[in-house]
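Here the structure comes first, spelled out in structure tokens, and everything after it is commentary.
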Amino acid sequence: MQDTEFYEALLGLSDPWRVTRVKLDTPAGRVDVWIEDRPGGKWKCPECEKKASVYDHSEERVWRHLNTCQFGTYIHARLPRIKCAEHGVRQVSAPWAEPGSRFTLLYENWVIDTLKECDVTGVNRLTGTSWYEAWNIMEKAVARGLGRKKNLVPAHLGIDEKSFAKRHRYETLVCDLSKGTVECVLEDRGQESLEGYYGQFTKEELSGIKAIAMDMWDPYIAATRELVPDAQTKIVFDRFHVMGQVTAALDKIRRQEHKVLMANGEQCLKGTKHLWLMNEEKIPDWRKEEFDEIRKMKLKTSRAWAIKESLRHFWHYRYPKNAEKYFKRWYFWATHSRLKPIIKAAKTLKRYLPNILTYFKHPITNAVTEGLNSKIQTVKQMACGFRNRDHYRKAILFHCGGLNLYAGAPSDSGASLATTISGVAHAKL
Ligand SMILES: [Zn+2]
């Protein structure tokens with residue numbers, strides 16, 4: 001087998017493309033492969049797909065391809081240009097690369113796989129691409145994925161805020177709770193941001209939303225009420241956020257009480273913070289005795305803790321009516337506890353109760369979103385040096401968007417390299 005035939009087979013080329021020359025440069029560690037189109041071929045106009053014969057060839061271009069063994073491999077070709085009766089002189093696109101790219105489809109897909117596993121600097125070391133090239137491949141992959149994605153509104157949405165870089169700067173994550181993916185990242189956490197997301201869809205499409213998990217955050221509520229039909233039956237306040245209100249109140253009471261006790265030389269609450277905050281059954285065996293002892297001391301913290309623990313039973317109900325009855329009893333207890341932070345938290349929950357009770361119809365939470373949050377935390381660390389918010393958002397969509405990122409659109413050339421490549425791309429999905 002000749003080297004040219006060998007490379008034709010390796011690259012999966014077929015008529016009218018063929019390999020005309022292969023050059024191995026051992027000291028430089030590279031293989032150069034020249035591809036040409038067979039003379040007399042007819043090509044489709046990229047605009048109208050009408051066939052036309054070759055008018056001339058463009059300047060030679062070079063594409064970085066996957067290595068051949070340890071040798072960097074480069075493809076050279078002069079792409080044919082056709083003269084379409086309607087569209088004039090047009091360049092035929094190469095089946096092995098996207099227009100304008102310096103990399104073959106397979107190479108880009110390899111960089112994409114590498115980007116998924118390590119930070120951009122690591123990708124640069126492994127693939128020999130520059131920072132900008134790797135970023136460019138990531139950006140193109142996201143654009144490709146978004147372009148392929150059907151613009152449908154998910155049936156179960158999760159809306160969550162995420163702080164960006166410094167404190168007090170926020171992004172809003174809109175997630176598809178069924179798929180566990182980030183739908184989009186919105187600037188800010190105001191009403192307008194979320195309205196911007198809903199605004200892409202028609203009323204009819206928005207009425208397809210079944211339920212939306214969110215925090216008790218008024219701008220999100222307002223945006224949803226404004227634009228989503230029947231919002232009042234669809235908003236579900238995240239149960240972990242609901243519990244968080246009471247847990248935060250408990251922690252405030254513990255801090256205050258600890259201060260008072262310490263002033264009197266009493267250290268019993270020292271080092272107990274997490275025991276109060278965690279679920280009762282999670283308390284480690286070796287601390288149970290100590291915890292039981294403190295609870296017998298009739299502290300305010302113990303009372304607040306009992307109120308917190310009892311609210312956990314609320315979530316076990318199946319029917320909203322029963323849950324509501326339970327809440328009323330709990331509310332009476334909480335508001336008569338003489339524990340100010342607990343009373344305040346209880347009143348907040350009562351104010352939001354209708355959309356806390358929707359949980360019993362749509363038992364969704366933002367736990368998925370929380371999971372994504374930690375993935376995003378990793379993305380943040382991995383993509384060290386996001387130069388701006390836009391990069392950050394794109395990286396989130398790259399890693400958490402569930403997008404079809406791979407290069408390899410079906411080509412009109414008929415060359416089987418494209419089919420091989422799209423085969424590879426699909427196998428990766
Ligand atoms: Zn044309």
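The values are calculated or read from the model by the stated rules, or taken from the named source; none is laboratory data. This one's a predicted model, so the numbers in the text were calculated from it and none came from an experiment. Note that we place each Cβ from the backbone using ideal geometry, even for glycine, and neighbour counts take in every protein chain shown. In case anyone asks, the SASA skips ligands and DNA or RNA and just uses the protein heavy atoms, side chains included. Shrake-Rupley method; radii C 1.70, N 1.55, O 1.52, S 1.80 Å.
Counting just the residues of region 233-252 that are assigned to a helix (DSSP H, G or I) and within 19 Å of residue 177 (Cα to Cα), which one comes out least open to solvent (accessible area, probe 1.4 Å)? Restricting to residues being assigned to a helix (DSSP H, G or I) and within 19 Å of residue 177 (Cα to Cα), the top hit is 242. In this structure, does residue 220 turn out to be crowded, with 17+ Cβ neighbours inside 10 Å, out of contact with any helix residue (DSSP H, G or I) (no Cβ under 6 Å at 6 or more places or on another chain) and aromatic (Phe, Trp, Tyr)? In short, no. Could you list, in sequence order, all residues of region 187-220 that are in contact with a strand residue (DSSP E or B) (Cβ under 8 Å, 6 or more places away or on another chain) and free of Cβ contacts under 8 Å to residues at least 40 places away in the same chain? Correct list: 188, 189, 193, 194, 196, 197.
Candidates 335, 369: the one that is open to solvent by less than 50 Å² (accessible area, probe 1.4 Å), of a type in the set (Ser, Thr, Tyr) and more than 33 Å from the chain's Cα centre (by Cα) is 335.
When you scan region 162-177, do you find a residue that is of a type in the set (Val, Ile, Thr), in contact (Cβ under 8 Å) with a residue 24 or more places away in the chain and out of contact with any Lys or Arg (no Cβ under 8 Å at 6 or more places or on another chain), even just one? Checked against the condition, which is being of a type in the set (Val, Ile, Thr), in contact (Cβ under 8 Å) with a residue 24 or more places away in the chain and out of contact with any Lys or Arg (no Cβ under 8 Å at 6 or more places or on another chain), region 162-177 yields no hits at all. One residue stands out in region 130-189 among those that are open to solvent by 30 Å² or more (accessible area, probe 1.4 Å) and part of a strand (DSSP E or B): the one that is nearest to residue 64 (Cα to Cα), namely 187. Restricting to region 40-98, and then to whatever is out of contact with any strand residue (DSSP E or B) (no Cβ under 8 Å at 6 or more places or on another chain), farther than 26 Å from residue 137 by Cα and outside any strand (DSSP E or B), can you tell me which residue is farthest from the ligand (Cβ to nearest atom)? Going through the qualifying residues, I end up with 49.
Restricting region 102-123 to residues that are in contact with a helix residue (DSSP H, G or I) (Cβ under 8 Å, 6 or more places away or on another chain) and surrounded by fewer than 19 Cβ atoms within 10 Å (Cβ to Cβ) leaves a set whose member that is nearest to residue 61 (Cα to Cα) is 102. One residue alone among 105, 11 is away from the ligand (no atom under 16 Å from the Cβ), under 34 Å from the mean Cα position of the chain (by Cα) and within 24 Å of residue 132 (Cβ to Cβ), and that residue is 105.
Among the residues that make up region 24-35, is at least one of them farther than 26 Å from residue 128 by Cβ, more than 16 Å from the ligand (Cβ to nearest atom) and surrounded by 12 or more Cβ atoms within 10 Å (Cβ to Cβ)? No - not one qualifying residue is present in region 24-35.
Answer with yes or no whether residue 367 is in contact with a helix residue (DSSP H, G or I) (Cβ under 9 Å, 6 or more places away or on another chain), small (Gly, Ala, Ser) and under 30 Å from residue 187 (Cβ atoms). It is true that residue 367 is in contact with a helix residue (DSSP H, G or I) (Cβ under 9 Å, 6 or more places away or on another chain), small (Gly, Ala, Ser) and under 30 Å from residue 187 (Cβ atoms).
Candidates in region 99-121 are the residues that are in contact with a strand residue (DSSP E or B) (Cβ under 8 Å, 6 or more places away or on another chain) and polar (S, T, N, Q); of these, the one that is modelled with the lowest pLDDT is 101.
The condition of being among the basic types (Lys, Arg) and within 13 Å of residue 327 (Cβ to Cβ) holds for residue 347.
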